[in-house]
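Values quoted throughout were computed directly from the atomic coordinates according to the rules given, and no laboratory measurement underlies them. As the structure is a computational prediction, the values presented were derived from the model and not from experiment. Glycine also receives a Cβ, built like all others from the backbone with ideal geometry; neighbour counts cover every protein chain displayed.
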Amino acid sequence: MFSSKRMLMMTGFLLIFVTAGVSVAAVEIPEDFQLTAQNEYLELYARPEDGQLIVRDRAGGVWYSNPDVSTIDGFMWLSDAWQGNLQSPIYLDYFDKRRNVRGANAYSKDVQIEYAEIDNGFAMRYYFENTGIGFTVEYTLADNSLTAYVPWEQVQIGNGDLQLLALRLLPFLGAQPSEADPSGYMVVPDGSGGLVWFKEQVSLSQTGYNQWIYGLDPASAEPTYDPYREPVVMPIFGMKTWDQAFLGIIEEGQESAKVIATPAGVITNLNWITAELWYSQSIIMRTSRQGGGIRIFDENPIPGDRRIRFYFLTDDQADYVGMAQTYREYLIAEQGAKRIDSKTWQAPLLVELLGADYETNIFGPVIKPVTTFEQAVEVVDQLLASGVDNLIINFRGWNRMGIHGNLPRRLPPEKELGGEEGLRSLVDQLHERGIRILLADDYTIARGSNNGFQPSTQASRTAFNDLIRMSSYGFAIGAPDVTTYLISPKISLEYAERDIPKIAQYGVDGLVHLSIGSALNSDHNPNIEAKIQRRDARLLYKQLIDLTREYVDTIGVTTGNAYLIGSIDFIQDIPLQTTQDSFIDQSIPFYQIAVHGLVTYYTDHLNLSINPTRDLLRAVEYGALPSFVLTAEPSWHLRYTLSSDMYSTYYLDWLDRTVEQYQKINLKLQQVHDQFIVDHRPLAADVFLTEYEDGTRFVVNYGTRPYDYSGTTVMGNSFAVFDKEGQIQ
């Protein structure tokens, strides 16, 4: 949360330095920069000798690709390499046969630089003679944005002994020391979005933020996994300083890119943030059966163009809300996202019903049904009778052997639940009640045996030809041990083409894809026609979503990687916070501001939350609808299955609470369901405001003390809703 001390400090410095933001219009462009392009929004200046650039907004904002090194404290004490880095508009890493990584920049001794003017901008050609690495960067203006583009056909990957590993474009764009703006910050795409504040001092152990977009590639064979890290679902980064900001969107190459944010005090006194575009996969070569190994780099380069688009914001748009609104406009223009039609989709309560799982004994699997198809009707009738008149059912564990069944053999539906006829009857009865029913499914994984799946030819593999798999051990008596394989993305599409048409014949309204929205992997399986890069996997999964749309009306995913916006109807378990680590200072609803009104999104199951009060308040602040997971039988029936973590699902235990939250939260959020979020800000320590287009405002108080807003007291650990006139609703 923002502290009250920090808010006062921000206000004080704003009064002192208010002239800093209005003086930029008078900034003169240095003589060694020349105007290369301009339009009604921006002017682009270039320095031909090294490729440094300046962008000037017609409203007066100015952004420099590199800092003025004469103003950097201790610049002459930095190494020659870092002196060059700070003056260079590009930076690259390369590696040798012995896995050593070295860096280079536009001030390296062996670099040859060529400058050329092109339509709407300029191009820089860099060739490093000693390494055989070369590439061209094209900078062009398009409306209110600057594009940095590296065409693949002009990349020279190396001389055989040395090879390009990663490239940073404009790594110090807008870089600032903390004293330039004590209220400044960097935006990282961690979870819902996070702020890294400009600080006078940082921890001696801090190195900054460094995370893969869409997470680690499972094919990298990385042995470490942090279950407490929030997913990275957006290809964005940004920085705000006083009354100007920029937003970077990685358009091409996002699947093999990182976002790096380094606070002042780490190497230099500058805060800087950038994207790192990788051209070789980092992988772990196993050296022991226990999974240990050494890190090497794949000598087969990752092909494809690389492109980053930069948007420049000033005045009241120069903050994370303005950045998120800009990203929303991008999703509409470039990904085809459209506003929610509130007439056909009215923000229903999401209830996930668990069907069955299994445990084992000496005779084999024993199915443990916890919600049969017939019982599902009873649960729905109870909810309807209690006043929940707008809900949607997501049935999970409907398939053969239930939740942890032997995929990809999913059909026919589990007979212990009622089989095919039982599922058809459930669909018909729910439709008679005006309730839509979806089936949860996963086409990215294979489990167990006797499922028609051939791991040797159909599973994804690492660059060392190791199968990508995970073992789940049932430590309780009777709990099964299961090996899960990651299916090659191309094979996943084939299974979907086989099964989705058959599933649609049951009359269901839609599917919820459990992994497509959260996982993205490459595949080095030699039995597949061609190596599949993460970019290829993304396109294959998009085809799978399009295939689903041909047969059902409603599509949901979990987590919600941003490249799916425009193709899906809702996101289940959307990230509602950023990772709580030493790098990130504040969670913000960046993703929610960008997508609210374009796609419905839900919380994780609230009845399994360890802090339901906080999570409910966060849902209100971020505009997320609640979701619950329920069973018709007590959850102890699952204690010896791999679903033993579903420890509190019995619907009679949660009926009153579900109805309460529906009436308290769903009905209020339904009023703004199709609207964009136009503002989000702290009002005090632990008090936040979220505003929608029609002026409706949600004030959330996480603290213990009451807070007065517009003459109304918002009690601690609660929220209140106000109209545009400030009257409580």
message: Using C-alpha positions alone, give me the convex hull volume of region 343-411 per residue in cubic angstrom.
response: 108
task: Could you tally the net charge around I260, taking each other residue with its Cβ under 13 Å from the Cβ of I260, Lys/Arg +1 and Asp/Glu -1?
output: -1
Exceeding the 27 Å Cα-Cα cut-off - candidates K415/K502; K338/K502; K97/K542; K502/K542: K338/K502; K97/K542
message: Within a 10 angstrom radius of the beta carbon, how do T713, T578 rank from fewest other beta carbons to most?
response: T713, T578
Point-to-point label distance, E334-R614, nm (Cα→Cβ direction, 7 Å offset): 3.5
task: Quick one: which residues, 5 or more positions from G238 or on another chain, have an amide H under 5 Å from its amide H? H modelled 1.01 Å from N in the peptide plane, none for Pro or chain starts.
output: V187, G248
Rg in Å to one decimal, and Dmax rounded to a whole Å, for region 402-546 via C-alpha atoms: 16.7, 54
statement: For region 591-670, the convex hull over Cα atoms projects on average to an area in nm² of 6.0
- request: Evaluate E = 1/(1 + (r/R0)^6) for E179 and D694, where r is the Cβ-Cβ distance and R0 equals 51 Å; express this FRET efficiency to the nearest 0.05.
  value: 0.80
query: Which one of G61, G103, G84 has its Cα pushed farthest toward the positive end of the charge dipole of region 60-103, where Lys and Arg give +1 and Asp and Glu give -1 at the Cβ?
result: G103
- prompt: Fewest to most neighbouring Cβ within 10 Å: what's the order for L92, L195?
  reply: L195, L92
- request: Can you tell me what the convex hull of the Cα atoms of region 656-715 projects to on average, as an area in nm²?
  value: 4.8
statement: With T = 37 °C, eta = 0.692 mPa s and Kirkwood Rh from C-alpha pairs, the Stokes-Einstein D of region 681-722 in µm²/s is about 325
- prompt: Roughly what % of Cα-Cα distances in region 99-220 sit above 21 Å, to the whole percent?
  reply: 59
- prompt: How big is region 338-492 by the Kirkwood estimate over distinct Cα pairs, in Å?
  reply: 17.4
statement: Its Cα gyration tensor gives region 497-606 an equivalent ellipsoid whose semi-axes in whole Å, largest first, are 27, 21, 11
task: Only Cα pairs under 8 Å and at least 6 apart count here; give the relative contact order of the chain as a rounded whole percent.
output: 11
field: Derived scalar couplings ³J(HN,Hα) [region 606-623; Karplus, 6.51 cos²θ - 1.76 cosθ + 1.60; whole Hz; x for Gly, Pro]
entry: 6, 6, 10, 6, 8, 9, x, 5, 5, 5, 5, 5, 5, 4, 5, 4, 9, x
All lysines inside 25 Å of K664 as judged from Cα atoms, apart from same-chain residues fewer than 8 positions distant: K343, K724
query: Hey, can you rank 352-359, 558-565 by average C-beta count inside 10 Å, highest first?
result: 352-359, 558-565
- request: Report Rg (one decimal) and Dmax (nearest whole number) for region 555-689, counting Cα atoms only, units Å.
  value: 16.2, 48
message: For Y506, Y601, which order do you get if you count the other beta carbons within 10 Å of each Cβ and list the fewest first?
response: Y506, Y601
query: Taking every DSSP beta bridge that has both residues in the chain, what percent is antiparallel when rounded to the nearest 5?
result: 80
- request: Once every Cα of region 45-167 carries one equal point scatterer and solvent is ignored, give the base-10 log of I(q)/I(0) from the Debye formula at q = 0.10, 0.19, 0.21 Å⁻¹, two decimals.
  value: -0.35, -1.10, -1.25
- prompt: What is the spread of the Cα atoms of region 4-335 along each of their three principal axes, largest first, in whole Å?
  reply: 61, 48, 47
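How do 342-350, 168-176 rank on mean C-beta neighbours within 10 Å, highest first?
Ranking the peptides 342-350, 168-176 by packing returns 168-176, 342-350.
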message: Give me the one-decimal Kirkwood hydrodynamic radius in Å for region 293-393, with the sum taken over alpha-carbon pairs.
response: 20.5
- prompt: Hey, what number do you get for the chain at 222 nm if only DSSP H runs of n ≥ 4 count, each worth -39500 (n - 2.57), divided across all residues, to the nearest 500?
  reply: -5500 deg cm²/dmol
- request: Can you pull a Stokes-Einstein diffusion coefficient for region 163-285 at 25 °C (0.890 mPa s), Rh from Kirkwood over Cα pairs, as a whole number of µm²/s?
  value: 161
statement: Reviewing (i) 52, 33, 24; (ii) 45, 33, 22; (iii) 64, 33, 28, the figure for semi-axes √(5λ) of the Cα gyration tensor in Å actually calculated from this model sits under (ii)
query: Mind ordering 540-549, 396-405 by average Cβ neighbours within 10 Å, highest first?
result: 396-405, 540-549
statement: Straight-line reach check, K199, cutoff 16 Å on alpha carbons, 8 or more apart in-chain or any other chain, hits among lysines -> K5, K240
